[in-house]
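Data first, discussion second: the structure below is written as C-alpha cells.
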Amino acid sequence: VRRGEDAAALRHLNAHAHWFAFTDDQYGEQTPRTCADISAMLDHALALYRPDTVAMPFGLYHRDHALVHEAALACMARHPALDWFGYEDALYRCIPGLLQSRLQTLVGRGVRATACSRLPSGADS
C-alpha cells in the first residue's frame, strides 16, 4: 500500500524513487542498518541516477527516519554540488519545537536551511 502511495505521489511530481531493501522500524526490520550502511546505499543511488536535486527527511521523530537524515547529511557533505532539500515529516512537524530543534541542530553543524513552500523551477525534472 505504501509503495502505491509513493508511486502516485512521484507521478504527480514527475520524480523517481529508489527503494532500498529495508523497511521502516514499524515493520519489524530484521537487520538494523547503520548510518554508514545507509549512506553507502545513498551514494550508490546518487552515482546511478546522477540527480541535480535530492530530498531528504528531517527525521523529526522516528529513530529510523533520524538515521536516514544523518546518512543523507553525510552524503550531502560528499556531494555539495547537488541541491539538497529537507522535508518535514507531515505528522510530526506539528509537535511544538520539534522542527525548530532540528533546524537549530543543522545550524550548529554548519548547514544553512531556508524555508521554501515548493522546489525551485526546474528542480522537478
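A few comments on the model shown:
- Gaussian network model of the chain, springs between alpha carbon atoms under 10 Å - residue of Y61, Y27, Y87 with greatest fluctuation: Y27
- Gaussian network model of the chain, springs between alpha carbon atoms under 10 Å - residue of C35, C94, C75 with greatest fluctuation: C94
- With helices as the sole contributors, the chain gives -14000 deg cm²/dmol at 222 nm; each DSSP H run of n ≥ 4 counts as -39500 (n - 2.57), and the sum is divided by every residue.
- Probing with 1.4 Å while keeping every protein chain in the model, the per residue accessible area of the chain equals 71 Å².
The values are calculated or read from the model by the stated rules, or taken from the named source; none is laboratory data. The shown structure was predicted, so the numbers you read here are calculated from the model rather than taken from an experiment. Areas reflect the complete protein model, heavy atoms only, side chains present, ligands, DNA and RNA absent. Shrake-Rupley method; radii C 1.70, N 1.55, O 1.52, S 1.80 Å.
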